[in-house]
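Reviewing the structure listed below.
The values are calculated or read from the model by the stated rules, or taken from the named source; none is laboratory data. None of these values were measured; they are calculated from a predicted model. Backbone-built Cβ (ideal geometry, glycine too); neighbour counts: all protein chains shown.
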Amino acid sequence: MVTCLQTKRNQSMNMPAGAIFISFDAVPVSGVIVEALKVARGLARNGVKSYLDLGYDIKIDKGKFNKPYGHEQEIYKDIFTLVRVEYIQYVPHYNINFINHSHNALISQKTIVSAKEQEEIMLAIREASRQLAHRIVQLWERLNIKYVIVENGTLPENIIYTKALYLAIDVYGKRHGLGNFVIWRDHDLMWNSEKTVMKYGPAPYPHAVKPVKSSHITYVTLNTHLKNKLEKWCDYEVEIKVKRNTYDFGRQGNYTNIRERLCIRDNDILIARTTRIIPQKRLDRDIYLVHRLNQLYLENEIDRKVFLAVAGDRHEDDACYQELRALAKNIDVSLYIKFIGSLQHKSTSSQKNLDAIEDLYYSCDLVSFLTSWDYDSYGNPIGEAISSQRCYITTSYEYYWEVYGQYGFEAPVMATSEERDGLPDDAFISDLYQFLNNKQLMIDVAQRNFSIGKQVLSNNVIDVLDLDYSRSGMGDNVFVSIVLPVYNESERIDEVLLSLFNQKTCDGMITNESYELIIVDNNSTDDSVEKVNAFKAQNPFMDIHIIKETIQGVSSARKRGMDYASWRSKARDSRLGVQKKHYIVSADADCTVDSYWLHALIKKMMEENADLGTCNYYYNEESFRHRPNLFQEIQKTLRCRDMSFSLFGGFPDGKGFAVERTLYDKVGGIEIFYQLNNGRFVEHLSDDWDFGIRVIAWGGKPVYARDSRVEINSRRVDTILEEVIAGVAYGQDGIIIMKDVRPDVEEQKPTLCDTTPAQSQQAWFCSIKDYVPKNIVLPALLNPQILLENAAVREFFTQPVADRLYRRIHEIKHESRIIDFKSIHAYKTPAYRLYFEFRNEIFSALRRAVGEDIGFPPPLPACFDAVNPEDFERFVYYFCEDRESGEAHNYFANGGVF
């Protein structure tokens, strides 16, 4: 027996890595499965074979429990291999009668049982779950499963299976040392599905299985509303990620125009409706709309007809289908309503000669989604229309504005609400009629929607998986992960990689076996990734992993890489049965590091038992040989930085910092802040800085490793010198965003000249105004006790100033009713205020500690000229309160200079 099991295990090890999709829907073709197909295609590109369990043995109300697969195999034969848990008939209590009885007694509470009977049911469920979990694990072992994707898993259709699935994930993940290998997705949560019949009973759903906190599982839902409800239900024990459904914006291929087959002229209007034919979808609205639009064309003597093509299964709800046909007949539009049956996507259809959904969208003028206000899901047809460059119409159903409307998609929207959910009114019909008669407007709207859609509807849920794990787990001796976000760095990447490879050590601490490099490709369009792969092939002794982050922005890329490093190290520790410190290090793809950079950084952190380590930065003086004035101002800022970081420990910069994994996980990792820029949400540039604030505010210990040196690429100054001098290098009016500072050689030449004395002073003023609130004031704001207890800090400020500053911080905290200064929006105003109030004392301290050339504070804003001394503190508050004025951001230089 042992030999037989070992043989099976050996056979599975020789199989390709597998992913299993488990649907709680028990429907062979659905929106849930369409989304699964998109993930499966992404996995296939990574060499992963996908399996699908349609859930026939999970959800019993579809009448398919124990039903063998038949035609379903043909539907998905090119993408999925259909599987199911074997020998479930031998699992005690796992049958239709018991599952139905337990659901009625515990979930819907339609069956009243005694406390003793309830306990007996729960005991039977536990036993059935344990044995079913064993069979699930056996299936995964046989298929060499590395990834599990659960669809609609929070629906308490079958709590035996749900409990068994959680048990199986825990056992299998630990056995194989897997990290984050499960995506648990919910498209229809129980408070949102079949609400009127209370299929899942009343809140708080006492016996439904809540999501389990697990290092193996990422929970995903479709929008923020559902995320908030699910997290609240779980008492905030788990974090839910929002991942919207995704669409293909690079479609290619031959599509069939089906208008001729439907007897529709080119000049006529074809409205497409791809939906289930059930009352909730409100197809009566579309039929009525066709009637009214045709009336308008007739009244205006325009030779056009409006047709509706409904792609849905007419047999699913025959009563609804017959009512719709009767309505069409009563209002005399039967000729214009085409029920064309269910359509598959071209990628899933095994019969390529049949019409597909893509053909219908290709043929139509407009896609309709006039569903009921309480429609409980996402609205795939809208996304399909956008990605097909077709206009759409929709109701303002409950989730429309969150899912689509807020991003600026344009469409005629029929206003609906819980109280007002009837037929289209005359105003909506009139607006739509005008829209349909403006062909150029429709083309423009479709193109604008397509452009927005590419940005917000093409990210895939697959990105949350540790896709690299199937190929290479973390080495046993690795205790440092270097994360390098890369976007179009072809010119510099070889030099940067070489500097990371040629790391030296004094005592054998840092070798190529003790650290790994995680490259995060942030949608590069040049040959950066090819160069990384070539470097990897030439240097097989360096552990290099390449992953992708599709959300554009260095903050998202850094977060993706650092999260990935954390997952990998925890999976390795789980596999080895150990728990040891692991350091996650950020580097920059345009900056080279010195030979002892990593050694000095990690050694300093280990010696002082630190949680956060920051590096020392410098510019190559040769790059400024002909610009001595500019270089002098840069050096003054870096001297101030060296002093304050030595005193306070410093804050991280993406160019080089490290965090111990335990603290990284404790504070929730990198947090992405967003801000509005030209009407669009963009990533705030200060994710690294704000991460440092969170670590320190949570009690983490920062240290400064002076000997860990990073050379900053001079292009950060070279290409935007005028903006550097003005202090708006990375934005103004409160907006701080990443800029592409790659130089254009011809455009750069005029900028490579020295600054005048006036320009030098202006650059210095902008630099020091940005530096002081962040590096002198902020450490005291986050930890005022250092003003009383740290002798070096008291000596820097002098004791009377340190005592005054301590008192003033607490006065401001009380005035502002602020609990702490962790958030970027909480610390800015107090830091600015304290700068103004203590600027003379701080500059006096800087002159003593750094040098007399630091000079005196820059001039105050002109608005203070008319402010009386006794009113100074009060008007400083008004100036610094950035909710009221962007002036303070501009004065303090918006994100630094050097």
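In the range 419-443, the residues that are over 16 Å from HIS291 (Cα atoms) reach residues that are at pLDDT 95 or above and surrounded by 12 or more Cβ atoms within 10 Å (Cβ to Cβ) with C-beta atoms within less than 6 angstrom, at least six apart or across chains, in these pairs: PHE435/PRO412; MET442/CYS391.
Cβ-Cβ distances below 9 Å connect the following pairs, each with a first residue in the range 510-526 that is free of Cβ contacts under 8 Å to residues at least 12 places away in the same chain, a second residue that is in a loop (DSSP other than H, G, I, E, B) and buried (at least 19 other Cβ atoms within 10 Å of the Cβ), and a separation of six or more residues or different chains: THR511/GLN503. Screening ARG568 against (1) surrounded by 18 or more Cβ atoms within 10 Å (Cβ to Cβ); (2) modelled with pLDDT of 90 or more leaves a single unmet condition, (2). So, TYR583, is that one closer than 30 Å to TYR172 by Cβ, of a type in the set (Ser, Thr, Tyr), modelled with pLDDT of 90 or more and surrounded by 21 or more Cβ atoms within 10 Å (Cβ to Cβ) or not? Here the answer is yes, as TYR583 does meet what is asked.
Among the residues of the range 844-875, not one is part of a loop (DSSP other than H, G, I, E, B) and touching a Gly at 6+ places or on another chain (Cβ under 9 Å).
Consider the range 305-315 and keep the residues that are at pLDDT below 95 and of a type outside the set (A, V, I, L, M). The one that is nearest to ASP374 (Cα to Cα) is GLY312. One residue stands out among those in the range 790-806 that are assigned to a helix (DSSP H, G or I), within 41 Å of the chain's Cα centre (by Cα) and free of Cβ contacts under 8 Å to residues at least 60 places away in the same chain: the one that is nearest to CYS640 (Cα to Cα), which is LEU805.
Could you please give the count of residues in the range 73-89 that are under 24 Å from LEU132 (Cα atoms), touching a residue at least 24 places away in the same chain (Cβ under 8 Å) and out of contact with any strand residue (DSSP E or B) (no Cβ under 6 Å at 6 or more places or on another chain)? Count: 4. Among the criteria (1) surrounded by 16 or more Cβ atoms within 10 Å (Cβ to Cβ); (2) modelled with pLDDT of 85 or more, the one ASP527 does not fulfil is (1). Taking the condition of a type outside the set (A, V, I, L, M) and touching a Pro at 6+ places or on another chain (Cβ under 8 Å), does GLY553 pass? Judged against the criteria, GLY553 is not a match. Identify, by number, the condition in (1) aliphatic (A, V, I, L, M); (2) modelled with pLDDT of 95 or more; (3) under 38 Å from the mean Cα position of the chain (by Cα) that LEU289 doesn't meet. That leaves (3) as the condition not met.
Going by the structure shown, is SER108 farther than 19 Å from PRO28 by Cα and at pLDDT below 90? Yes. Restricting the range 272-289 to residues that are aliphatic (A, V, I, L, M) and in contact with a Lys or Arg (Cβ under 9 Å, 6 or more places away or on another chain), the residue that is farthest from SER368 (Cα to Cα) is ILE277. When the residues of the range 864-893 are filtered to those that are of a type in the set (Gly, Ala, Ser) and under 41 Å from the mean Cα position of the chain (by Cα), the one that is modelled with the highest pLDDT is ALA888. Whenever a residue of the range 265-278 is assigned by TED's automatic domain parsing to the domain that holds GLN295, it has no partner that is surrounded by fewer than 21 Cβ atoms within 10 Å (Cβ to Cβ) and assigned to a strand (DSSP E or B) lying with C-beta atoms less than 6 angstrom away and at least six residues away or across chains. Only a single item in (1) at pLDDT 75 or above; (2) surrounded by 14 or more Cβ atoms within 10 Å (Cβ to Cβ) is not met by VAL32, and it is number (1).
So is LEU601 within 21 Å of TYR564 (Cβ to Cβ), part of a helix (DSSP H, G or I) and aliphatic (A, V, I, L, M) or not? Yes; evaluated as a whole, the condition is true for this residue.
This table checks each residue for (1) basic (Lys, Arg); (2) at pLDDT 95 or above; (3) assigned to a loop (DSSP other than H, G, I, E, B).
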{"site": "ARG448", "(1), (2), (3)": "yes, no, no"}
{"site": "MET474", "(1), (2), (3)": "no, no, yes"}
{"site": "ILE482", "(1), (2), (3)": "no, yes, no"}
{"site": "LYS531", "(1), (2), (3)": "yes, no, no"}
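Looking at the range 313-320, can you tell me whether even one residue there is surrounded by 16 or more Cβ atoms within 10 Å (Cβ to Cβ) and charged (D, E, K, R)? There is at least one residue in the range 313-320 that is surrounded by 16 or more Cβ atoms within 10 Å (Cβ to Cβ) and charged (D, E, K, R). GLY699 is checked against (1) outside any helix (DSSP H, G or I); (2) modelled with pLDDT of 70 or more; (3) closer than 30 Å to ASP754 by Cβ and fails just one. What number does that condition carry? Of the numbered conditions (1) outside any helix (DSSP H, G or I); (2) modelled with pLDDT of 70 or more; (3) closer than 30 Å to ASP754 by Cβ, the odd one out for GLY699 is (3). If only residues of the range 611-651 that are of a type in the set (A, V, I, L, M) and part of a helix (DSSP H, G or I) are counted, the one that is farthest from ALA845 (Cα to Cα) is LEU630.
Is it true that LYS110 is basic (Lys, Arg) and assigned to a loop (DSSP other than H, G, I, E, B)? In short, yes.
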